[in-house]
Every structure is written in structure tokens, then in C-alpha cells.
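Visitor: Have a look at this one.
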Amino acid sequence: MRADGETALAVGALSAGSAERREQWRHLALLLPALLALAALFVYPLLGILFRSIHKTSYTLEFYRQVFRTPVYLTVIGLTFRTATIVTLLCLALGYPLAYVLATVRPRLARVLVIVVVLPFFTSIIVRTYAWMVLLGRNGIVNQYLIALGLAPAPLPLLYNAAGVVIGMTYVLLPLMVLTIWSVMRGIDPALVRAAHSLGASPAQAFRRIYLPLSAPGIAGGTLLVFLLSLGFFITPALMGGPSDVMIAMLIEREVEFTLNWSFASTLAVVLLVLTLAGFVVYNRLVRLERLFEGRS
Amino acid sequence: MAAAEGVGAGAEVRLQDLTKVFGAVVAVQDVSVTIAAGSFFTLLGPSGSGKTTTLMMVAGFLHPTRGEIFVDGATVAGLPPQKRDLGMVFQSYAVFPHLTVFENIAFPLEVRKLPGAEVRRRVGEALELVRLQGYDRRLPRQLSGGEQQRVALARALVFRPRVLLMDEPLGALDKKLRAHMQLELKRIQRHVHVTVVYVTHDQEEALTMSDRIAVMRGGRVEQVGGPAELYEAPVNPFVADFLGESNFIDGVVLTTADRRALVRADAGLEFWGVGATPLRAGERVTAAVRPEKLAPEEAPAPELNRCKGIVAEVVYAGDASRYRVSLGAVGTMTVKVQNRLASRQLASGDPVELAWDPAHTRLFPASVSE
């Protein structure tokens, strides 16, 4: 390991001429504003949170002990991950076909559809969540239609429960999934699918062997993005969930706003961060993200 | 599949009244040609002439508005592309970027569920055919354009299709490599006896590679024939200009003798030529003369057409020189002269007498030239 590192350094020193080094400095200078902003607005507060989670009046691990010894916190963490997984899978199931349509229709129609997909971003998330509450209520439009069409005998409980949370979160996060997958699909040469057909592949074979693998980086990026955002979701579950649909972000808010136990809130935040990073590492092992992000030709 | 090793049997392809309309635009109109089994056939035309649309209909990616396509006498109208058994090489190569060279070439065999040993043997043969042995584990992005082209070709031939369709396959290559690949393509075609339908806008490529060429314009076939026939006996000024290069002189027929006619150019010059169709005295014609048929001579033979002019411009191109010769009111003619050791270089401003054979002066009735 160490030997490898040294060889790499030696090779680097040999090949890097002075011009190359100057080029590296120039890149560093360009990155500097972003690095400073990150340090001031992200790294410093994060260190503060880390510090607070192990320090109140003196250094202590009491808050971590509390998290892992109280079943309710573990339940909430489990629920958070379960909800994030369901929302991610739903977004993928709905978003992949939509992205495919965006990537394959005529360019002018595609532009219109992309605007339609992005349109919700122009309104506040709170307004949109309240709109869903109107739609999904006991006497909301959705239930009225379901009953009128004979699809449900009585109003379905769509709000203030897990279903409401999943519907709301899927709605909010779907555009991100669609845009991420679409951006990859747009780069796929349509001639590749035609070539597969001309070589004898059925539509199913051409999709499975050519289109799906080529769009996989979009699936990987989209699911990762949606999953990580889901873990920290607050407004939608708070408004559309029931009393038992508590996500970890809501617990943190409660500690900050009501019990004013900032140290415990910090501890929960750190636990969320560590679990998120762990999830990222596992995911990275599974899909080899770095390989997907390598230059596609 | 019964064909001998490395030898596919080419199929005859027949297009009958093939027409394709997109909205208000007629992209291809009444194209009827028969492409002999095992021949190299080129659809040649400028962009928008309908040549690629025609190819896409043969491949099955577009449905004809009207007309039929027969492969070995059987219509392919109801067949989707994957059931037509036609190999295709795309302009962009369309090599699968996530698959290795081996996997790319094995693809058509694997979707046909051939056993692994057979796949390996055939891919090996195909790699040898396009001279890419040892490249099987590389990814397309590690290959040059010419190498990717070869992969696309091997992939389109490995399942032994009866017909190979090629859509401007050499368009993206540089000039030297293109010339090399032209020879390679001909070698490979001779080896596998496949019928090739080739689309290009490059007249030189069409002339050097094809057994027969269909020149297209505005969705219609203007003329079908062998390279020499098209070059020496074009049926209209468009073909005369698109295939090679021509000097045009407008005039009126004075007298005729068999296919020959004496023409008086609008600016007064009189010369003999040969009609593309029978001509009558008094008919308006456009005469076409190739630059290399015009010769600057000091004492031209009496049976030749001739006229005096002044060298306006000289372009030295190594093997040959091109002169722009001003003939006064008749206009300016391009003259191409091979640079032989003995030939005298003309300079700008030199007076010159041009002579050319009436047999090399093609006359088109004005009605043909629109």
C-alpha cells in the first residue's frame, strides 16, 4: 500500500514538468472560492455538530448511548430508510419510462415535456404539499373519482399515513430522477438501438443488452440522489404523514425546536450522516459508481 | 447457413416504385432498380436526394409510402429490421460503447443463440477478415475511427447476411484512410460475395468502388449504370456535373448528322458534339465537356473542335495542372492537363488554343436540363 503510494508520487514528480505544475496551481486558484465557501458554510458547522454531539457541559457519549438504547429511535431510523427505499424505487419505476419518452420524442416536443417536468420547482414545496393534502383527503378529488368509478367502496385513507408520505415524497423527488436519467439517455446515440435491430436483436433484446446498460449511469445517479434526499426529508412527511410516520429529520427538528436539546439533535444528525455515508459506500461497492462516471465514448 | 466457410451468398435486391412521403415532402419518388446478387451497388447523390431514406426503407427502419422491396424475389414489406437478415454499417459506426470488440462482433450471433464455441470461431474469422486480430478485448473508445469502422463491418458480416447496407461509412475518415478502406471494402466484398448497397455523396468513392451506380436527385433516380457509362455518357447535365466535373456551353443546333450535331454557342463559337438523345436542327442544347478532354494545343488536328482563349488562372496540383481559360463571351472553361515531363507549363495571361474531340462533347436538349 505504502510502497504503491510512493511509486505513484515518484512517477508524478518525474512526469510533472514546471508547466504542468503551474497548470495545477491555476486549477487550485479556480477552485479556491468554492473551497472557502465549503469550509465556512459546511465543514465548520459540521465540526460544530460533531463537537456538540459529544459535548454538553463536558465530553460524553451519553447521547449516542441514548440513541442506540431507546427502541423508538432505532424504529424511526429503520422507518426512514424503508420510506427512502420505497420512494426511490417508485421514482425509478415512474421516472425511467418518462425519461425514455423525453429522450426519444421529437426535440421540440421534448423541450415542452421537460418544462412540464421542471414546472413544479417554480412553486414552493409547502404550497404543493398542501395541494396534495386537498387532493388526497377523505373527500378529496382522488377519493371522489375512485368512488365514482367504482374502484373503491369507501374513501381510501391516503393522507396522514405512510401512503401519504410515499405519495408526497415520490411526487417531489420524481423530477430529479427523471432529469438525471434523461441527461444520460440524451447522450445515447439512437443509431445504437437501430444497429442492434439490424443485427437481429428483438426490441426486448436491444433494450436489455444495449439501452439498459448504457442508461445505467443515469439509474445509478438518479437513485442515489433521490435516496439521499429522501433520508433527510422533513416537510412532506411532517404534513402528510400520521403520528407514527416519523422520519429522523422530524426527530431532529423536535429536539431543536421543542426540547432545545441541541446536543441530542446533533447526535441524531451525526447518526443520519454516518448511515448515509455507509449507504453510499455500500451502493458504491454494488454499482461501482466510479466506473460509471468514467468517460463514456 | 449452408454456405461454405467465409462465403455468404449475396441476394438480388429489387426496388419497385419505391416512394416515401414525409408530410408534404416527397423524399423518395418511384425508385425502381434491380441490384444483381453479389454486386456492389451505390446510391449516389447530394444531401436531400433521398439516398439514405431509400436505404432506411430497405433496412426496415422506414416504411415505404408506396412500392415494394424484394430480396431474392420475396417481399420484405411485413418484416421488422431484425427479421430481414441484412447487415448494416452506420455513418456513426454505432459500435456499442460498453461492449468490447469481441462482444460487439459476437452480438448478432448471441441474439441468434448460437453455441459459444461457434460464436468464438466465427468472431475469430471476422476479426481476421477485417485485420483486427488481437483487438478482441479492447473497448471501442480505445480504437481509432478506422478501427471502429472495421469492428462495425465485422459485426455486420459475422452473421453472414445476404445483403450489406452501408450508409456513408467512410464519411468521417481522413482522405488517406478513406482510400485505404475503399480497397479493403472491395477486398472483403470479393471474399464474402455479399451484395452491397452503398450510400455516398462522394462521386470519386462511387466511381472507384461500384459495379453499378444510381445517381439520385430530389428523390428520383436520374441514371443507373456502370461507372464508365455514367462518366462518359451521362443522360443529363446534372449527372454530367455531379459525377466528375463538366464545362457547360449553351447553344442552338445548326445541322445534324446521325447522333452528331453542329452547335452554335450563344456567343458565336461553333463546334460539333454528340447528342444524349436524337437532336433536331434549331433545338436548344447544353453542351458538356470534361476538363481533361480539353487540350491546349499549338497545331490542333482539323477534325477537332477548337477555340482560342487566354489563361486566366493556374492551379498546380502536383500530378496535374488546372487552368481557367477565358474564352471571351463564351465564358470560362476549366482545363485539366496531366503534368508529364515534357508538357509545357502555361502561365496566367498566355494565349492558348483549346482543342477537343466532338465525341467528348455531350449535347443535352434544353428540355432535359430543365
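The values are calculated or read from the model by the stated rules, or taken from the named source; none is laboratory data. Treat the numbers as computed from the prediction; the structure is a model and nothing was measured. Heads up, the Cβs are rebuilt from the backbone with ideal geometry, glycines too, and the neighbour counts pull from every protein chain shown.
Visitor: Can you find a residue in region B:84-100 that is in a helix (DSSP H, G or I), in the same structural domain as B:PHE61 (by TED's automatic domain parsing) and not small (Gly, Ala, Ser)?
Guide: No: zero hits.
Visitor: Out of region B:106-125, which residues are over 11 Å from B:ARG160 (Cβ atoms), more than 10 Å from every other protein chain (Cβ to nearest Cβ) and under 34 Å from the mean Cα position of the chain (by Cα)?
Guide: Once the filter is applied, which keeps residues that are over 11 Å from B:ARG160 (Cβ atoms), more than 10 Å from every other protein chain (Cβ to nearest Cβ) and under 34 Å from the mean Cα position of the chain (by Cα), region B:106-125 yields B:ALA106, B:VAL123, B:GLY124.
Visitor: Name every residue in region B:85-105 that is under 13 Å from B:PHE159 (Cα atoms) and either more than 9 Å from chain A (Cβ to nearest Cβ) or charged (D, E, K, R) (or both), in order of residue number.
Guide: Passing the criteria: B:ASP85, B:ASN104, B:ILE105.
Visitor: A further question follows. Out of A:LEU176, A:LEU214, A:LEU228, I need the residue that is in a helix (DSSP H, G or I) and touching a His at 6+ places or on another chain (Cβ under 8 Å). Which one? If you could, list the steps in order and put the result at the bottom.
Guide: On the way: A:LEU176 fails: touching a His at 6+ places or on another chain (Cβ under 8 Å); A:LEU228 fails: touching a His at 6+ places or on another chain (Cβ under 8 Å).
So the residue among A:LEU176, A:LEU214, A:LEU228 that is in a helix (DSSP H, G or I) and touching a His at 6+ places or on another chain (Cβ under 8 Å) is A:LEU214.
Visitor: For region B:18-60, enumerate the residues that are of a type outside the set (Val, Ile, Thr) and assigned to a helix (DSSP H, G or I).
Guide: If we filter region B:18-60 for residues that are of a type outside the set (Val, Ile, Thr), which is where we start, we get B:18, B:20, B:22-24, B:27, B:29-30, B:32, B:36-41, B:43-51, B:55-57, B:59-60.
Result: B:LYS51, B:LEU55, B:MET56, B:MET57, B:ALA59.
Visitor: So for region A:230-241 (the condition being at pLDDT below 85 and surrounded by fewer than 16 Cβ atoms within 10 Å (Cβ to Cβ)), does at least one residue qualify?
Guide: no
Visitor: Another question about this same structure. In region A:179-199, how many residues are within 23 Å of the chain's Cα centre (by Cα) and assigned to a loop (DSSP other than H, G, I, E, B)? I'd like the intermediate steps shown before the answer.
Guide: First, the residues of region A:179-199 that are within 23 Å of the chain's Cα centre (by Cα): A:179-187.
With the extra rule that they be assigned to a loop (DSSP other than H, G, I, E, B), the set shrinks to A:186-187.
Of the residues in region A:179-199, 2 are within 23 Å of the chain's Cα centre (by Cα) and assigned to a loop (DSSP other than H, G, I, E, B).
Visitor: Can you go through A:ALA204, A:ALA191 and tell me which one is more than 18 Å from B:PRO97 (Cα to Cα) and within 14 Å of chain B (Cβ to nearest Cβ)?
Guide: A:ALA204
Visitor: Within region A:147-180, which residues are without any contact (Cβ under 8 Å) to a residue 24 or more places away in the chain and surrounded by 20 or more Cβ atoms within 10 Å (Cβ to Cβ)?
Guide: Result: A:LEU158, single match.
Visitor: Counting only residues that are charged (D, E, K, R) and more than 14 Å from A:ALA201 (Cβ to Cβ), which one in region B:58-84 is farthest from the other protein chains (Cβ to nearest Cβ)?
Guide: Applying the first criterion (charged (D, E, K, R)) to region B:58-84 yields B:66, B:68, B:72, B:83-84.
Of the ones still in play, those that are also more than 14 Å from A:ALA201 (Cβ to Cβ) are B:66, B:68, B:72.
Values: B:ARG66: 23, B:GLU68: 20, B:ASP72: 18 Å.
Per the stated criteria, the residue is B:ARG66.
Visitor: For region B:129-146, enumerate the residues that are in a helix (DSSP H, G or I), surrounded by 15 or more Cβ atoms within 10 Å (Cβ to Cβ) and within 13 Å of another protein chain (Cβ to nearest Cβ). Step through it out loud before you land on a result.
Guide: Let us first name the residues in region B:129-146 that are in a helix (DSSP H, G or I), namely B:129, B:140-142, B:145-146.
Narrowing the set further to residues that are surrounded by 15 or more Cβ atoms within 10 Å (Cβ to Cβ) leaves B:129, B:140, B:146.
Within region B:129-146, B:PRO140 is the sole residue that qualifies.
Visitor: Anything in region B:251-285 that is in a strand (DSSP E or B), among the charged types (D, E, K, R) and free of Cβ contacts under 8 Å to residues at least 40 places away in the same chain? List them, or say none.
Guide: From region B:251-285, those in a strand (DSSP E or B) are B:251-257, B:260-265, B:270-275, B:284-285; that's our starting set.
Next, from what is left, pick out any that are among the charged types (D, E, K, R): B:260, B:264, B:270, B:284.
Listed by number, the residues that qualify are B:ARG264, B:GLU270.
Visitor: Further, regarding this structure: Assuming A:ASN284 fulfils every condition listed in (1) more than 10 Å from chain B (Cβ to nearest Cβ); (2) of a type outside the set (A, V, I, L, M, F, W, C); (3) in contact with a helix residue (DSSP H, G or I) (Cβ under 7 Å, 6 or more places away or on another chain) apart from one, which condition is it?
Guide: (3)
Visitor: Out of everything in region A:136-146 that is surrounded by 14 or more Cβ atoms within 10 Å (Cβ to Cβ) and hydrophobic (A, V, I, L, M, F, W, C), what residue ends up being farthest from A:ASP245 (Cα to Cα)?
Guide: Among those that are surrounded by 14 or more Cβ atoms within 10 Å (Cβ to Cβ) and hydrophobic (A, V, I, L, M, F, W, C), it is A:LEU146.
Visitor: Also, I was wondering about something else. Got a sec? Which strands (runs of 3 or more DSSP E) wholly within region B:150-221 have at least 2 residues that are more than 14 Å from chain A (Cβ to nearest Cβ)? Quick ask: steps written out before the conclusion?
Guide: Numbers: elements: B:163-167, B:195-200, B:212-217.
Passing ranges, in order: B:195-200, B:212-217.
Visitor: Still on this model: Which residue, of B:VAL289, B:VAL330, B:VAL315, is crowded, with 16+ Cβ neighbours inside 10 Å and modelled with pLDDT of 90 or more? Before you say what the answer is, go through the steps one by one.
Guide: Working: B:VAL330 fails: modelled with pLDDT of 90 or more; B:VAL315 fails: crowded, with 16+ Cβ neighbours inside 10 Å.
Every option except B:VAL289 fails the conditions.
Visitor: Inspect all residues belonging to region A:221-244 and state whether any of them is assigned by TED's automatic domain parsing to the domain that holds A:ALA162 and more than 30 Å from A:VAL67 (Cβ to Cβ). Walk me through how you get there before you give the answer.
Guide: Here is the first cut: in region A:221-244, the ones assigned by TED's automatic domain parsing to the domain that holds A:ALA162 are A:221-244.
Right, trim to more than 30 Å from A:VAL67 (Cβ to Cβ) and you get A:221-222.
Within region A:221-244, one or more residues are assigned by TED's automatic domain parsing to the domain that holds A:ALA162 and more than 30 Å from A:VAL67 (Cβ to Cβ).
Visitor: Anything in region B:43-57 that is hydrophobic (A, V, I, L, M, F, W, C) and away from chain A (no Cβ under 14 Å)? List them, or say none.
Guide: The first filter runs over region B:43-57 and keeps only residues hydrophobic (A, V, I, L, M, F, W, C), leaving B:43-44, B:55-57.
Of everything in region B:43-57, those that are hydrophobic (A, V, I, L, M, F, W, C) and away from chain A (no Cβ under 14 Å) turn out to be B:LEU43, B:LEU44.
Visitor: Identify all residues within region A:207-218 that are surrounded by fewer than 17 Cβ atoms within 10 Å (Cβ to Cβ) and facing another protein chain (nearest Cβ under 7 Å); write none if there are none. Steps first, please.
Guide: Just the residues of region A:207-218 that are surrounded by fewer than 17 Cβ atoms within 10 Å (Cβ to Cβ), to begin with: A:207-208, A:212-213, A:216.
Scanning region A:207-218 gives a single hit, A:PRO213.
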